[in-house]
1. Give the Cα extents of segment 59-188 along the principal axes, in whole Å, largest first.
2. Between residue 72 and residue 32, what FRET efficiency follows from the Cβ-Cβ distance if R0 is 41 Å, with the result rounded to 0.05?
3. Students often check this: by mean Cβ neighbours within 10 Å, which of 117-125, 33-41, 161-169 ranks highest, and how do the rest follow?
4. Determine the distance separating the Cα centre of segment 131-167 from the Cα centre of segment 74-96; give it in Å without decimals.
5. Sorted by average packing, counted as other Cβ atoms within 10 angstrom per residue and highest first, what order do 134-141, 18-25 take?
6. If I stretch the segment between residue 161 and residue 189 completely, what's the gain in nm (0.36 nm per residue apart, minus their alpha carbon distance), one decimal?
7. Arrange the following residues from fewest to most other Cβ atoms within 10 Å of their Cβ: 91, 17.
8. Can you tell me how much longer the chain between residue 25 and residue 200 gets when fully stretched, taken as 0.36 nm per residue apart minus their C-alpha distance, in nm with one decimal?
């Protein structure tokens, strides 16, 4: 079972409990209890289903080509984002663990911004295709090294240094999306200032 299929497991357990509860502790007929359990199962599978990329987004309004490109990038990057978050949970070091979690949080922010504005996906193509996968691998490597009975402290220090530097790259790409959202702000400001000077003399 894949990591995103936990909703099936929860739904299965809940429906089994409902079936056993109805048949063992009430006078419900078995077939009716089975029907209720099936309905509970189906409802929970849908209700607890993981959110899909671009769910609820008006694809036609944004442009199907842009959305397809952005969805492709995010779909390929998603496993690495999940690996990065899992690695953060496995690192007990009080400095490195939170740093890797911060990388995972920034990644989540990038995903959200690309979903909100698929046209910006090109700005983070290198981030999603290179930095994120490498960060996941480095974080997992740190977790493995740190779990050794006699860890190589020099190697751990080198990996730690790379993780700390990766934060700069992650912040850079996240901020590039924020800058893209500003659009023509600088141009608008110059035009307004010129108009104010012309109309009001200041």
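1. 56, 30, 19 Å, listed from the longest principal axis down.
2. On the way: r = 47 Å, r/R0 = 1.14.
It comes to 0.30.
3. On the way: 117-125: 18.3, 33-41: 16.3, 161-169: 14.6.
Most protected by this proxy first, the peptides run 117-125, 33-41, 161-169.
4. 12 Å
5. Values: 134-141: 20.0, 18-25: 14.5.
Those peptides, ordered most packed to least, come out 134-141, 18-25.
6. Values: separation 28, 0.36 × 28 = 10.08 nm, distance 4.05 nm.
Once the chain is fully extended between residue 161 and residue 189, it gains 6.0 nm.
7. Arranged by neighbour count, lowest to highest, 91, 17 become 17, 91.
8. Values: separation 175, 0.36 × 175 = 63.00 nm, distance 8.26 nm.
So the extension gain works out to 54.7 nm.
A short reminder: the numbers here are calculations on the coordinates, not readings from a lab. Computed from a predicted structure; not experimentally measured. FYI the Cβ positions are ideal-geometry reconstructions off the backbone, even for glycines, and counts take in every protein chain you see.
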